[in-house]
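> Please find one structure pasted underneath; my questions will follow.
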């Protein structure tokens with residue numbers, strides 16, 4: 001693609017769009033239209049949606065939404081599963097299209113890391129396409145694909161984005177892909193799964209859990225006594241008795257790879273100290289000591 005001295009594209013004779021990038025909007029739209037016959041989702045509404053989005057490109061930096069066959073994906077691993085969706089990490093063999101100004105055509109970023117998002121409980125394709133539109137506000141969406149076995153559609157998103165794929169809000173910690181609001185919501189949901197048997201202690205632990213502020217924050221927990229083994233007294237005085245012990249499950253820590261909290265499996269990390277305080281009059285005194 002080249003231009004004359006009047007900044008017109010020599011191919012279509014239209015005013016050029018981006019001279020520095022050797023990119024002509026009109027020509028690229030025509031090329032995309034010509035390629036419509038080369039792909040199909042086998043669903044007219046999905047095809048029309050993708051075509052409309054392709055024809056909305058406005059610059060060489062515009063993302064070209066594509067229909068992506070499922071066999072284009074490799075190294076597929078589940079990273080999150082809840083009531084709303086299942087999220088997978090994967091590699092896209094061909095990768096997304098980008099404009100190469102040197103050769104003046106689109107090329108592919110091969111073996112690109114991407115995210116696949118499967119939305120649960122959608123009633124029809126209209127609902128799915130509405131979700132694609134909502135996700136496109138905060139995410140870079142590369143395209144749409146389909147599970148070959150169940151025929152449900154999935155959204156193909158950029159992997160390294162700054163927004164939580166569950167709530168569509170900015171990550172609190174981008175590097176660790178940690179979303180404060182989502183983790184607080186998860187902790188709240190888990191409140192029904194444990195109790196100390198004392199309302200004041202439960203409330204104290206719950207309040208402390210909801211104060212987490214980063215992936216490094218310690219999550220205070222109610223820990224059943226049968227979780228401890230190798231209990232040995234190490235100190236005894238007028239104020240307290242101190243024991244060394246091992247905590248079978250161990251504390252929670254944030255795992256960046258699977259993007260969720262996990263337990264330390266290494267016993268060395270599970271060594272804890274138990275402290276029994278003497279002469280406390282009530283729960284309030286105990287919680288003040290905590």
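> For region 152-159, does any single residue satisfy the condition of being more than 20 Å from residue 70 (Cα to Cα), assigned to a loop (DSSP other than H, G, I, E, B) and touching a residue at least 60 places away in the same chain (Cβ under 8 Å)? Quick ask: steps written out before the conclusion?
Step one: list which residues in region 152-159 are more than 20 Å from residue 70 (Cα to Cα), which gives none.
So far as region 152-159 goes, no, none of its residues is more than 20 Å from residue 70 (Cα to Cα), assigned to a loop (DSSP other than H, G, I, E, B) and touching a residue at least 60 places away in the same chain (Cβ under 8 Å).
> Then there's this: Restricting to region 64-98, name every residue that is in contact with a helix residue (DSSP H, G or I) (Cβ under 7 Å, 6 or more places away or on another chain) and surrounded by fewer than 17 Cβ atoms within 10 Å (Cβ to Cβ).
93, 94
> May I pose another question? Kindly provide the set of residues from region 199-231 that are within 30 Å of residue 170 (Cα to Cα), free of Cβ contacts under 8 Å to residues at least 40 places away in the same chain and in contact with a strand residue (DSSP E or B) (Cβ under 8 Å, 6 or more places away or on another chain), ordered by number.
Within region 199-231, 216, 221 meet the criteria.
> Among strands (runs of 3 or more DSSP E) lying entirely in region 34-135, which contain 3 or more residues that are in the same structural domain as residue 151 (by TED's automatic domain parsing) and in contact (Cβ under 8 Å) with a residue 40 or more places away in the chain? Let's see the steps before the verdict.
Numbers: elements: 73-81, 85-92, 97-100, 105-108, 112-119.
Of the strands (runs of 3 or more DSSP E) lying wholly inside region 34-135, those with at least 3 residues that are in the same structural domain as residue 151 (by TED's automatic domain parsing) and in contact (Cβ under 8 Å) with a residue 40 or more places away in the chain span 73-81, 85-92, 112-119.
> Please pick out the residue among 182, 167 that is modelled with pLDDT under 90 and either surrounded by fewer than 18 Cβ atoms within 10 Å (Cβ to Cβ) or assigned to a helix (DSSP H, G or I) (or both). Write out each step before concluding.
Details: 182 fails: modelled with pLDDT under 90.
Going through 182, 167 in turn, the sole match is 167.
One line per residue, one yes/no per condition, for (1) touching a helix residue (DSSP H, G or I) at 6+ places or on another chain (Cβ under 6 Å); (2) closer than 23 Å to residue 183 by Cβ; (3) in contact (Cβ under 8 Å) with a residue 40 or more places away in the chain:
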| position | (1), (2), (3) |
| --- | --- |
| 238 | no, no, yes |
| 241 | no, no, no |
| 244 | no, no, no |
| 255 | no, yes, no |
| 262 | no, yes, no |
| 275 | no, no, no |
| 282 | no, no, no |
| 288 | no, no, no |
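The values are calculated or read from the model by the stated rules, or taken from the named source; none is laboratory data. Given the structure is predicted, the values throughout are model-derived calculations rather than measurements. Backbone-built Cβ (ideal geometry, glycine too); neighbour counts: all protein chains shown.
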